[in-house]
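**Student:** Please read through the structure below; I'll follow up with questions.
The values are calculated or read from the model by the stated rules, or taken from the named source; none is laboratory data. A quick note: this is a predicted structure, and the numbers were derived from the prediction, not measured. Every residue, glycine as well, gets a Cβ built from its backbone with ideal geometry; the counts of neighbours run over all protein chains shown.
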Amino acid sequence: MSQSYIDNEIDKVSKNYDFPLNLAMSSAWVLGNLKGINLKIFNMQKHSSLSDYFVLGSASNATQANAMAAEVGRQIKRLGH
């Protein structure tokens, strides 16, 4: 999967939702397409002052988890957050 493909798809996802849900959905897209499992998005707006959404997922190994975290961080930074 090329980086330009990922960037284009994240742009599409982030345009379909308002902030901050767009960041949660974009993060979930990255995790799902990098073969993350057990993906969940929790709306925490009424329960936590720390975060509006929690995105949780599992990886099969540490290398995969590091790649997911790096790509999510890169995409959030690219989107200006």
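**Student:** Give me the residue from segment 11-49 that is charged (D, E, K, R) and loosely packed, with under 13 Cβ neighbours inside 10 Å and, out of that set, farthest from ARG74 (Cα to Cα).
**Tutor:** LYS46
**Student:** Where the second residue is at pLDDT 90 or above and small (Gly, Ala, Ser) and the first is more than 17 Å from GLY57 (Cβ to Cβ) and lies in segment 5-30, which pairs have Cβ atoms under 7 Å and are six or more apart or on separate chains?
**Tutor:** Partner pairs satisfying both residue conditions: SER14/SER26.
**Student:** May I pose another question? Which residues, taken from segment 64-73, are closer than 15 Å to ASN22 by Cα and surrounded by fewer than 14 Cβ atoms within 10 Å (Cβ to Cβ)?
**Tutor:** Correct list: GLY73 only.
**Student:** Okay, moving on. Go through segment 50-63 and report how many residues are exposed (fewer than 15 other Cβ atoms within 10 Å of the Cβ), more than 18 Å from GLY80 (Cα to Cα) and either more than 13 Å from the chain's Cα centre (by Cα) or of a type in the set (D, E, K, R) (or both).
**Tutor:** So the answer is 5.
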